[in-house]
Amino acid sequence: GESVGLHLPTLSVQEGDNSIINCAYSNSASDYFIWYKQESGKGPQFIIDIRSNMDKRQGQRVTVLLNKTVKHLSLQIAATQPGDSAVYFCAETFTGGGNKLTFGTGTQLKVEL
Amino acid sequence: EPEVTQTPSHQVTQMGQEVILRCVPISNHLYFYWYRQILGQKVEFLVSFYNNEISEKSEIFDDQFSVERPDGSNFTLKIRSTKLEDSAMYFCASTTRRGNEKLFFGSGTQLSVL
């Protein structure tokens, strides 16, 4: 079946640097994408979402980029802080999918002081 | 900020026993979900629930699983006869409407089947 996958299982960055977390998706019918952050022992926490009629969306210190041509999604975190250390998941769904999300494998972001 | 709450945070049970995991979704939400995450693996969809009935379920959600909204606030997941492979973190989620809306997740119940 179609699935969402992540390229990098672990990403280490220095505090203050920008982080980029990547995600590849394979379901061409997906039209809604979400990034979640999961800290140890907690549930997924919504970070930012993007619909397929956009290619970029910005939030507070975060930007999501969507490239539908190559089915690629990325999350950029500006000025990464120690509190950003967590596992980041991308998730996808499609209109008519009833909010049934397909999650990627996850990327562990480690922020070094 | 309103949040989805789940109890208990940890549940240990013997294989073959029944467990009930409880969730209180955000009060004005209408669509409810259970997901699970086996250690080191992806978060997986189990079931969606709306208007007191199951909307969709995955292959994982077999006859051993059931969901219920017994009153106006709780949403439960029951596993009738637990298996070792049911050990996972179970997340409840809710949202306001169907279709391309962000889900709000609870902190999860860690189920350990011995």
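The values are calculated or read from the model by the stated rules, or taken from the named source; none is laboratory data. All figures in this text were calculated on a predicted structure; none of them were measured in a lab. When we count neighbours, we look across all protein chains shown, and the Cβ atoms used for this are built from the backbone with ideal geometry, even at glycine. Surface accessibility is based on the protein's heavy atoms, side chains included, excluding ligands, DNA and RNA. Shrake-Rupley method; radii C 1.70, N 1.55, O 1.52, S 1.80 Å.
Here are the numbers for this structure:
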{"quantity": "Candidate set from segment A:97-113 (those that are within 7 Å of chain B (Cβ to nearest Cβ) and open to solvent by 30 Å² or more (accessible area, probe 1.4 Å)); member that is nearest to A:ASP31 (Cα to Cα)", "calculated": "A:LYS100"}
{"quantity": "Residues being touching a Cys at 6+ places or on another chain (Cβ under 7 Å) and either among the charged types (D, E, K, R) or at pLDDT below 90 (or both) - total across segment A:6-24", "calculated": "1"}
{"quantity": "Selection from segment B:80-92 of residues that are under 15 Å from B:TRP34 (Cα atoms) and either open to solvent by 20 Å² or more (accessible area, probe 1.4 Å) or facing chain A (nearest Cβ under 8 Å) (or both)", "calculated": "B:SER87, B:MET89, B:PHE91"}
{"quantity": "Some residue of segment B:104-113 being buried (at least 19 other Cβ atoms within 10 Å of the Cβ) and touching a helix residue (DSSP H, G or I) at 6+ places or on another chain (Cβ under 6 Å)", "calculated": "yes"}
{"quantity": "Residue list for segment B:24-66, filter: touching a residue at least 60 places away in the same chain (Cβ under 8 Å) and either away from chain A (no Cβ under 11 Å) or not in a strand (DSSP E or B) (or both)", "calculated": "B:PRO25, B:ILE26, B:ASN28, B:HIS29, B:LEU30"}
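For (1) closer than 28 Å to B:ALA88 by Cα; (2) of a type in the set (D, E, K, R); (3) assigned to a strand (DSSP E or B), each residue gets a yes or a no:
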{"position": "A:SER12", "(1), (2), (3)": "yes, no, yes"}
{"position": "A:GLY16", "(1), (2), (3)": "no, no, no"}
{"position": "A:ASN22", "(1), (2), (3)": "yes, no, yes"}
{"position": "A:ASN27", "(1), (2), (3)": "yes, no, no"}
{"position": "A:LYS37", "(1), (2), (3)": "yes, yes, yes"}
{"position": "A:ILE48", "(1), (2), (3)": "yes, no, yes"}
{"position": "A:GLN60", "(1), (2), (3)": "no, no, no"}
{"position": "A:THR80", "(1), (2), (3)": "no, no, no"}
